[in-house]
Amino acid sequence: MLSSYAAAVPDAVTILYVILGTFSGALLCLIPALHIYNVAGIAMLLWATARHLIPYYALAPFFMSLVVSYSFLNTIPMTFLGAADESAGATLLPSLSLVTKGRGQDAALLTGLGTMAGVLVLILLYPFFWYIWPYIARATGPHLHWILGLVIAHYIMSEWPKGAGRGETPFKRFREAWRNCFAGILTFTLAAVFGLIYTAKPIMPVESSFQNIMPVFIGFFAIPSIIQTLISDYRPPRQHISRKINAGWEDFGFGAVPGFVGGMLAAYLPAVTAGIGAMIAGHVTNHRNISRAEFRDPQSPGEIKHLHTPEMYYRQERLFLISGGMIKIMYYVGAFLMLFILTDLTPYGTGRGGLTFILRPVFTAEPGDFPVMLGTILLSGSLAFLLLIVSTKLMVCIVHRLNLKLIYISSLILVFLIIYAVGGGWAGITVSLATTCIGMIPVFYGCRRSHCMAVLLVPIALNMAGYGDAVARFLRLI
Amino acid sequence: MKGMTHFVSGVAAATFIPQVVRISTSARFAVEGAAGSFIIVLAGIFGMLPDTLDFKFNQFFQKPLFKVDPEPSSPDPAEIAAQFARAVNEAGRTGKEVRIQFFPIQLSGNEWRQYCIFFDKKSVSVQVNEIVSTSQIPVPGTAPPADKRSATAEFDYELKPRSEKVDWLNSSVRLLRRLIKGPDKPGKKIPPTTVDILSSTMFGLEKEPDGRVYFNWLPWHRTWTHSYLLGLILSVPVFLGAYLLGVENWSLYGGVAFLGFAVHLTEDMTGHIGGSILWPLMRQRTEGLELFKASDPRTNFSVIYAAFILIIFNIDRFSTQLITGAPESAISWQLFLLLFLALPLLIYFSVMKKIIAAVRKESEGEPEPEEPDGTGDPLID
């Protein structure tokens, strides 16, 4: 009796910390454009200085719930405030489009439902993760360098010219059409070179090394987003309040496939974010043309034939949001969950991502943790989804009254204060300003933002292949 | 097929070569010949290269005689139709190939004015539609008034969708197509074209000995860029580069590059447009087998899925041998392919059959599809 009571105490404490983590994650989402891993890093720093704050057995559930909650509730700043991190490519464009039409509620809740679907997929795929995934992870493990090389190659090659090619000479036509492609290649190259320098030459002070990527990412993603919003004078209109969401069950069926594919790519492949995962998944699973635009009998005066736009075209916006929400949680949470897949083939798990990196020095996953983590995800996810519904309703009522400029300027100051405090002081601020310059190129020239991820993709791919040192020597960095 | 399909197909083909997989294995692993090579990436790059050359370079070097760039504020359907009629008459009068390019009408960052072009034997009709978003969703109530909505122009020569200039290669493909699919449908018409977002479209018009004008859709697409001989030529620098850099197994690099390129061309031949697969020996674009539409999601998805499974199958059996390939592996290769390739594809096609039936049930009237090979899809990513 006593032993069962004693065993139940840690469980109750763990649940308490899961709830605490969920609410902490929700609160931290109020800082627009700040990444969860930055927050997790700060929380880790606090825990390291005061270990009695969280008992060891509750450490992983606490951080897991922090990330789960963030996956749900960062939908609010992303949707209503246009605050982008490096995963924003998964949902940002349709969200903004809906908010400008006063349908922010649909955008936020569809993304949230996608994230909730992601929670269910993570739980339902238990057999897949346990019996099949270790084989895939072990078989592909020795080949990750070229798989990342494929991601890079496809990522660059699949950005097509957005101009129609107007101009009298081939050069003028080429220049007009290639604007975004040139900008993309430039961004990618600069980010890759920066990444090679940054990984070879330690710039940050040793005490900030566990967060050394924070100023880089804030510069690439957060600051340009804030500047863009300030320049564009973005003001969301008054939002509609409705009792229903504009989606059907079949949308979740269609959205689950790209959500799973993109999510698994982002969760497993190092430096592949939700944005890149969503892009690849879109190419792999696009079923829009399952019903194509058709010419039918004329329907209005002057029409020769009526071009009928199929429902599948309208559905794309919803699918994008649902799959984007799902990819987000598989990227943030799935990557960490894989740390707990402890099998004979994967004795150290297959975990990746910032949180795994942050926790690895102080935490070791043990057999039996995986079901606990699934329970944590389910509890935290359910709570976070309820919080999302409440926050969305609140945001719909107040967003048109918010002084976004003030919010963004405050965020900018806060972001710099955080970098100064835990991100390497002035060195960190200098790094973030340098990467801001690169991160502004996509903002001005309309290419993909995720080109900035070359900062990690290229050095990681080269290091995995064993060429990292050779390239660094060639560039005279070491 | 789509770019991603060609990309992964090329990669999958390369992984069938055991030596390629072994040298691609990270040197940190105990696999014979492991060298951490990026050679497989070449197959992906070259798998996408033919369309990259076309859509990123070739199209901007074209010199169309007629350019139709409608006024965004008030596009005139009569003028657009008249320009096409003039182009047909010019082609008929001179006997030379005349090209005409239609530009999209961009109104703002996310707004485009859509227009459709309908072709008849001796006339063309243009219809200006609603404003559409970049997702090709029409904005209700934005169609022009009835008197400015559409117009028709006639021309002096008859248009035809298929060329009569047929070389031995084209005849062979036609014969093969008829063997596979049965006789070509009689009275094939030129499908309508919709111009809306991002990219322009171009047609080639050329009078043939029978006095009719052959309508060639995107005449610059799948020409010299889709030739096996060009693939060979482009793989030479890869051979040389690998040799000069002193890379072990240097000869494999050019071979893998060519393989990726060749897989693309072969896949394209299953579609409608085909390609100039023996350029410069034979410059004419050879028709495809017309088995699939390039944009058909079922074809693209099933090929990508199959390629993905085959990649895992190959890299495992030629390196780690955990899943198949060794006596102590988890399962036999037959069971692996049955469970992870055949069965999922069977389920996928069964589900798609039901979905498509449901979609068709919802649709009404007698639909007429757009362009021949699905390249009217938005070139957005």
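The values are calculated or read from the model by the stated rules, or taken from the named source; none is laboratory data. Quantities reported herein were computed from a predicted structural model and do not represent experimental measurements. FYI the Cβ positions are ideal-geometry reconstructions off the backbone, even for glycines, and counts take in every protein chain you see. In case anyone asks, the SASA skips ligands and DNA or RNA and just uses the protein heavy atoms, side chains included. Shrake-Rupley method; radii C 1.70, N 1.55, O 1.52, S 1.80 Å.
What the table below lists for this structure:
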{"item": "Verdict on A:C447 being closer than 14 Å to A:L186 by Cβ, open to solvent by less than 20 Å² (accessible area, probe 1.4 Å) and either within 14 Å of chain B (Cβ to nearest Cβ) or over 19 Å from the mean Cα position of the chain (by Cα) (or both)", "result": "yes"}
{"item": "Some residue of region A:95-115 being at pLDDT 90 or above, open to solvent by 20 Å² or more (accessible area, probe 1.4 Å) and not in a helix (DSSP H, G or I)", "result": "yes"}
{"item": "Criterion violated by A:P134 - all others in (1) open to solvent by less than 10 Å² (accessible area, probe 1.4 Å); (2) at pLDDT 95 or above; (3) in contact with a helix residue (DSSP H, G or I) (Cβ under 7 Å, 6 or more places away or on another chain); (4) more than 7 Å from chain B (Cβ to nearest Cβ) satisfied", "result": "(3)"}
{"item": "Residue list for region A:281-295, filter: of a type in the set (V, I, T), at pLDDT 90 or above and open to solvent by 20 Å² or more (accessible area, probe 1.4 Å)", "result": "A:V284"}
{"item": "Filter pass, B:D147 being among the acidic types (D, E), open to solvent by 10 Å² or more (accessible area, probe 1.4 Å), within 10 Å of another protein chain (Cβ to nearest Cβ) and over 25 Å from A:E311 (Cβ atoms)", "result": "yes"}
{"item": "Any hit, region A:323-346, residues being within 14 Å of chain B (Cβ to nearest Cβ), in contact with a Lys or Arg (Cβ under 9 Å, 6 or more places away or on another chain) and modelled with pLDDT of 90 or more", "result": "yes"}
{"item": "Count of residues meeting criterion [buried (at least 24 other Cβ atoms within 10 Å of the Cβ) and either within 7 Å of another protein chain (Cβ to nearest Cβ) or under 23 Å from B:Q321 (Cβ atoms) (or both)] in region B:30-44", "result": "6"}
{"item": "Test: residue in region A:146-156 that is farther than 30 Å from A:I377 by Cα, out of contact with any His (no Cβ under 8 Å at 6 or more places or on another chain), free of Cβ contacts under 8 Å to residues at least 40 places away in the same chain and open to solvent by less than 30 Å² (accessible area, probe 1.4 Å)", "result": "yes"}
{"item": "Residues (in a loop (DSSP other than H, G, I, E, B) and within 30 Å of the chain's Cα centre (by Cα)) located in region B:1-36", "result": "B:M1, B:K2, B:T15, B:F16, B:I17"}
{"item": "Given (1) of a type outside the set (K, R); (2) more than 10 Å from chain A (Cβ to nearest Cβ); (3) more than 19 Å from B:T25 (Cβ to Cβ); (4) surrounded by 17 or more Cβ atoms within 10 Å (Cβ to Cβ), index of the condition B:L310 fails", "result": "(3)"}
{"item": "Residue match in region B:210-222 (condition: among the polar types (S, T, N, Q), open to solvent by 50 Å² or more (accessible area, probe 1.4 Å) and away from chain A (no Cβ under 14 Å))", "result": "no"}
{"item": "Count of region B:234-260 residues which are touching a Ser or Thr at 6+ places or on another chain (Cβ under 9 Å) and of a type in the set (V, I, T)", "result": "2"}
{"item": "Residue within region B:80-96 that is within 13 Å of chain A (Cβ to nearest Cβ), outside any helix (DSSP H, G or I) and surrounded by fewer than 19 Cβ atoms within 10 Å (Cβ to Cβ) present", "result": "no"}
{"item": "Residue in region B:70-79 that is closer than 27 Å to B:N314 by Cα and among the hydroxyl-bearing types (S, T, Y) present", "result": "no"}
{"item": "Flag for A:I441 being open to solvent by less than 20 Å² (accessible area, probe 1.4 Å) and either touching a residue at least 24 places away in the same chain (Cβ under 8 Å) or within 22 Å of A:N74 (Cα to Cα) (or both)", "result": "no"}
{"item": "Qualifying residues in region B:288-305 (those that are aromatic (F, W, Y) and within 16 Å of B:F7 (Cα to Cα)) - the one nearest to the other protein chains (Cβ to nearest Cβ)", "result": "B:F301"}
{"item": "Residue in region B:366-377 that is over 25 Å from the mean Cα position of the chain (by Cα), open to solvent by 40 Å² or more (accessible area, probe 1.4 Å), within 10 Å of another protein chain (Cβ to nearest Cβ) and at pLDDT below 75 present", "result": "yes"}
{"item": "Matching residues, region B:102-129, being touching a strand residue (DSSP E or B) at 6+ places or on another chain (Cβ under 7 Å) and either farther than 22 Å from A:A293 by Cα or open to solvent by 40 Å² or more (accessible area, probe 1.4 Å) (or both)", "result": "B:Q106, B:L107, B:E111, B:K121, B:K122, B:S123"}
{"item": "Set A:I123, A:I152, A:I76: member being farther than 29 Å from A:I31 by Cβ, away from chain B (no Cβ under 11 Å), assigned to a helix (DSSP H, G or I) and touching a Leu at 6+ places or on another chain (Cβ under 9 Å)", "result": "A:I123"}
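Let's see how each residue does on (1) modelled with pLDDT under 90; (2) part of a helix (DSSP H, G or I):
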site: A:I203; (1), (2): yes, no
site: A:G219; (1), (2): no, yes
site: A:I227; (1), (2): yes, yes
site: A:R243; (1), (2): yes, no
site: A:A247; (1), (2): yes, no
site: A:D251; (1), (2): no, yes
site: A:F254; (1), (2): no, yes
site: A:F260; (1), (2): no, yes
